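Report on the structure given below.
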Amino acid sequence: MVDLSPLFVIRPQSRRVAHSPLLRKQYHERLVLHHLDHRDLREEFRQEVEQGLSASPKRIPPKFFYDRRGSELFEKITKTEEYYPTRTEAGILAASAREIVEAAGTELTLIEFGSGSSTKTRLLLDVLTARQEQVEYVPIDISPTIVQEFGPLLLERYGNLEIRGLITDYHHAIEELNAHPRKARLFLFLGSSLGNFSPDEAHHFLSEVGAALEPQDRLLLGVDLIKQPEILDRAYNDSAGVTAAFNLNLLTRINRELRGHFDLSRFRHLAFFNKAHSRIEMHLESLEDQTVRIDEFGRSFSFARKETVHTENSHKYDYATLTDLFGGAGMTLLGRWCDPDEWFALNLLGPA
Ligand code: AVI
C-alpha cells in the first residue's frame, strides 16, 4: 500500500476546495489546498507599483501580470502561431515523457513550481499514473484559482491521483517541503519561467532547490534557448496583439485595484531582444508627455514621451551559461531533451 500521508503539516488556515456537491462527494479527499498565508498580495502589489513607478527607469515586476484576465491572456499567448516555447516544450514532452520519467527514478511524487493549466504536466502524469499504483501531485502557486479550476479535470482523468496544492510562493514552498522530506520527488519548473528571473534570482532559486534535493530527488527544468533575434521578436510581438493586451492589462489592473487613471490608448506595448543581456525585454511606452494619477497613492506620476515602464525580462540561454548556472547552484545535469531545432531544452538535474 502506498503511503499517502500529507507531505507537510496542515496548518489551521488550510481549507478544502469547495466544489459542486457531486464533485465534492467524488473528489474532496483527493484535492486539498494548503494555504500558507504569510503575505498580503494586495499590499505587495500596492508597494511594488508605488516603488516601481517612482524609480528611474520605471519598472513593475512581471509577477503582477497574472490576475484573472492576465492568466487568460497568457493562455492565449501560448496558442498564438508566433509564441513557440509552449508548443515546443510540449512536443519534447510528448516525444520523451516516458524516457524522462524513467531517467528520473521510480515511485515519484510530482512537485510543480507554477501549476499553470497543467497541460504539459499531463504528459508526465500519463506516464506516472500508468506506472505507479498511486501518484501524488503537488502544484505550487501563489493563487489557488488555477489549481481549483484544473484540479478536478486531472482527478477525473486519473483515478489514482491525489493533488495537494501549496498556495504560497516558491521560497516558502521549498521551506515547507524541506521540513518534511520523504520518498523520491520529481520537481518541475517548466515553460522557461526561470527566464523571467534575473541571473541572480535564477542562481538563488536553483541553489535553494539544489539544497532541498535529497540524493534520489530530481528537477526537470525547461529553458528557452538563444536563437535568431527575429524569431524571438516575433514571439513577443504576435500579429493578433495578444502579448500587447497582456502587457497593457497591467495598467488595467492598476486602474481597478489601485484606482489609477491610466488611459491605455496613450501607452503602447514594446518588446525586443536585448543581445547584450540575452533577453527579451517588455516595456510599456508612453506615447506622449503625460501625468497619471493613482488615487490609492494620493499622487500622480509623470511620463515623458517615449519613457517606458519595464515590465518583463525573458532570458534566453546557451548551454555554457546553463552549465555554469547548474554548477553554481550545486546541481548536476543528468539528462537533456531538445526539439530538433534546439529552440528549447528540458534539463534533468540532480544534486551534485
Ligand atoms: C511565463 N513566461 C515564461 C513567459 C515568457 O515567455 O517569458 C511570459 C510571457 N511574456 C510574454 N509572453 C509570454
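Bear in mind these aren't lab numbers, they're just calculated from the coordinates by the rules spelled out. Bear in mind that the values here come from a model prediction, so they are computed numbers and not experimental data. When we count neighbours, we look across all protein chains shown, and the Cβ atoms used for this are built from the backbone with ideal geometry, even at glycine.
Numbers below:
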item	result
Distant-in-sequence amide H partners of PHE187 (H built 1.01 Å from N, under 5 Å)	ILE111, ARG218, LEU219, LEU220
Residue of LEU108, LEU221, LEU41 that the Gaussian network model of the chain assigns the largest fluctuation, springs spanning Cα pairs under 10 Å	LEU41
Charged-residue dipole, Cβ positions (Lys, Arg, Asp, Glu), region 65-218 about Cα centre, Debye nearest 20	380 debye
Largest to smallest principal axis extent of the C-alpha atoms in the chain, angstrom	67, 47, 35
Estimated dipole of region 197-283 in Debye, rounded to 20 [Cβ of Lys and Arg +1, of Asp and Glu -1, Cα centre]	480 debye
Lys/Arg +1, Asp/Glu -1 at C-beta; region 184-255 dipole; positive extreme among GLN216, ALA244, ILE231	ALA244
Residue (of HIS180, PHE197, LEU73) at the positive-pole extreme of the chain, dipole from beta-carbon charges	LEU73
Residue-by-residue Karplus 3J(HN,Hα) for region 57-74, coefficients 6.51, -1.76, 1.60, Hz, glycine and proline x	x, 6, 7, 9, x, x, 4, 7, 4, 8, 7, 4, 5, x, 5, 4, 5, 4
Gaussian network model of the chain, Cα within-10 Å springs - most flexible of ALA173, ALA320, ALA211	ALA320
Fewest-first sequence of SER265, SER96, SER198, SER118 by Cβ atoms within 10 Å of each Cβ	SER265, SER198, SER96, SER118
Interchain or long-range residues, amide H under 5 Å from TYR317's placed H	ASP224, LEU225, ILE226
Relative exposure of THR80, THR145, THR109, judged by other C-beta atoms within 10 Å (fewest first)	THR145, THR80, THR109
Within straight-line cross-link reach of LYS227, lysines at Cα separation under 24 Å, skipping those fewer than 8 residues along the same chain	LYS76, LYS79, LYS120, LYS275, LYS316
From phi via Karplus (6.51, -1.76, 1.60), per-residue ³J(HN,Hα) for region 245-260 in Hz, x at Gly/Pro	5, 4, 5, 5, 4, 4, 6, 4, 5, 5, 4, 6, 8, 10, 6, x
Helix-derived mean residue ellipticity, 222 nm - over the chain, DSSP H n ≥ 4, -39500 (n - 2.57), to 500	-12000 deg cm²/dmol
Student exercise, the chain dipole from Lys, Arg, Asp, Glu Cβ charges, in Debye to nearest 20	740 debye
Gain on full stretching of the segment that runs from ALA352 to ARG87 - 0.36 nm per residue minus C-alpha separation	92.3 nm
Fewest-first sequence of LEU264, LEU190 by Cβ atoms within 10 Å of each Cβ	LEU264, LEU190
Dipole of the chain, positive direction: furthest Cα of SER115, THR311, PHE262, with charges on the beta-carbon	PHE262
